[in-house]
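A.B. asks: Let me begin by handing over the structure; questions about it come next.
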Amino acid sequence: MARRGGVDTHTARWRKSAHRARIALRRSGVDYFRGDGADWIALAGLLLLVPAITCATLLDPVWFSPALLALPVIVGGLLLRPARLLGLYAAAATALIVESVRLGPYLREPAAVTPGTVLTIAACGFFGLVLAQFRARVGVPWRRGGTMLFDLRERIRVQSALPRLPQGWHREMALRPAGGQSFSGDFVVAARTNGGRTLEVVLTDVSGKGMDAASRALLLSGAFGGLLGSLPPHGFLPAANGYLLRQDWDEGFATSIHLVLDLDSGDYELLSAGHPPALQLHAGSGRWEEKAAEGPLLGVYDGAEFDAVKGSLAPSDVLMLFTDGLVETSEQDLSEGIDRLTGEADRYVATGFEGAAWHLIEACAKDVNDDRALLLLSRRA
């Protein structure tokens, strides 16, 4: 019985040790690929690669140039932390000295280590160290940085998606960042409130453009999405203004327009914070009307008041919301841009504005170096 108990105890201990080792290995692997754990695997591989390159160079310097030592130096700059990177550089420098001694003076041997080779490897090491220090300061490894940017872009896209509307309504949205980038300072948040009867849409233009404004746009889109529907319509812009003031950004202002649309009757209210006016096409007369609400920029001063303008969408009417990048440039003022936009939009009256948002940006502001956004809402006949 004692022996059996000893066997059981030994087996249990072995199982516990194996379980601990498995958990530690799994945690180390997860931490490594998240960028939180030690990078000893990459360091070990690169330290083995350095003597392998050195041996190949000494055996056949014509096919294996001494400049190949730049490869582990570059890869180390992408994978390793600064402290371990210095160890790799020391190994590469030692290998370079060995190659220089064994291959002889470069004046007699054309395949030997030349000053240009040393300068090339040193330059790669310098930029690799700068990159590693920047990565360590940010705390995001290179293999996760692209994934994070992609995830941020997808979150902005999902937050800007317009909800489905009941039959008899058409909506579409087009957004074009400055310079062909993937991130924009313009964003939309939308929700159906009041039991689905009301559509609330907020189109915002953050100061700046492209990547410079993208981080603030992401933060504001999340905050505005949380405020939308949680407050009465007339309380949204004051709350958004207070939130922006609390951030205390150096360049913290934004323009915004808030649409509150009754999907049963077609009646709506527009509230604006320094935003360009909306445009409504009256199907009966075929004319465009500017809907300009009064209100200051968001994030400028506390206690701002925003006055609403009312309207109604009859069957076949169209309402357009847009940012200033679509209608205003250094060579074109706002009124000229609006005239051009409405002129181009008249071409889509017969087709019911299907796919018109993207084409209007192409026609009116294709090469403009600014963020552009256009939202179309139309009521079917």
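The values are calculated or read from the model by the stated rules, or taken from the named source; none is laboratory data. Since the model is a prediction, treat every value here as computed from it, not as a measurement. All Cβ positions, glycine included, derive from the backbone under ideal geometry; neighbour counts span all protein chains shown. Note: areas computed on protein heavy atoms with side chains; ligands, DNA, RNA excluded. Shrake-Rupley method; radii C 1.70, N 1.55, O 1.52, S 1.80 Å.
A.B. asks: With springs only between Cα atoms under 10 Å apart, run a GNM on the chain and tell me which of Asn194, Asn241, Asn369 wobbles the most.
C.D. replies: Maximum among the listed residues: Asn194.
A.B. asks: Report, to the nearest whole %, how much of the accessible area of the chain belongs to carbon and sulfur atoms, 1.4 Å probe, protein only.
C.D. replies: Carbon and sulfur: 58 percent of the exposed surface of the chain.
A.B. asks: Give me the accessible area per residue for the stretch 72-124, probe 1.4 Å, as a whole number in Å².
C.D. replies: Accessible surface, normalised per residue, equals 54 Å².
A.B. asks: For Cys55, Cys124, Cys364, give the ranking by accessible area with the largest first, probe 1.4 Å.
C.D. replies: Descending order: Cys55, Cys124, Cys364.
A.B. asks: Let me ask something else about it. Anyone know which of Val118, Val73, Val318 comes out most mobile in the 10 Å Cα GNM of the chain?
C.D. replies: Val118
A.B. asks: Straight-line reach only, C-alpha to C-alpha below 13 angstrom: list the aspartates and glutamates that Lys16 could link to, leaving out same-chain residues fewer than 8 apart.
C.D. replies: Asp8
A.B. asks: Expressed as an acute angle from 0 to 90° and rounded to the nearest 10, what is the orientation of the C-alpha long axis of helix 142-159 relative to the principal long axis of the chain?
C.D. replies: 10
A.B. asks: Helix-only estimate, please: 222 nm mean residue ellipticity of the chain, summing -39500 (n - 2.57) across DSSP H runs of length 4 or more and dividing by its residues, to the nearest 500.
C.D. replies: Theoretical 222 nm ellipticity from helices: -16000 deg cm²/dmol.
A.B. asks: Right, here's the next one. With only alpha-carbon atoms in the gyration tensor, what are the semi-axes of the equivalent ellipsoid for the chain, in Å, largest first?
C.D. replies: 59, 31, 19
A.B. asks: A further question follows. At 1.4 Å probe radius, can you tell me the per residue accessible area of the stretch 309-352 in Å²?
C.D. replies: Solvent-accessible surface per residue comes out at 49 Å².
A.B. asks: So which lysines can Lys209 reach, going by Cα to Cα under 23 Å and dropping same-chain residues fewer than 8 places off?
C.D. replies: Within the straight-line limit of under 23 Å, Lys209 reaches these lysines: Lys366.
A.B. asks: Report, to the nearest 10°, how far helix 233-247 tilts away from the longest principal axis of the Cα atoms in the chain, using its own Cα long axis and a range of 0 to 90°.
C.D. replies: The answer is roughly 40 degrees.
A.B. asks: With charges only on Cβ, +1 for K and R and -1 for D and E, what is the dipole size of the stretch 303-381 about its Cα centre, in debye, rounded to 20?
C.D. replies: 560
A.B. asks: Please find, in a Gaussian network model of the chain (springs between Cα atoms separated by less than 10 Å), the residue of Ala357, Ala92, Ala161 whose mean-square fluctuation is greatest.
C.D. replies: It is Ala92.
A.B. asks: Then there is this: Quick check on the stretch 39-132: take the gyration tensor over C-alpha atoms, sort the square-rooted eigenvalues as a ≥ b ≥ c, and tell me if it's rounded (a/c under 1.5), prolate or oblate.
C.D. replies: Prolate is the answer for the stretch 39-132, as a/c is 1.5 or above and a/b outweighs b/c.
A.B. asks: Among all the lysines, which ones have a C-alpha under 18 Å from Lys291's C-alpha, if same-chain residues fewer than 8 places away are not counted?
C.D. replies: Output for Lys291: Lys310.
A.B. asks: While we're here: In debye, nearest 20: dipole of the chain around its Cα centre with unit charges on the Cβ of K, R (+) and D, E (-)?
C.D. replies: The dipole of the chain has a size of about 3460 debye.
A.B. asks: Here's a follow-up. Against the longest principal axis of the chain, how steep is helix 40-59, in degrees 0 to 90 to the nearest 10, with axes from Cα atoms?
C.D. replies: 60
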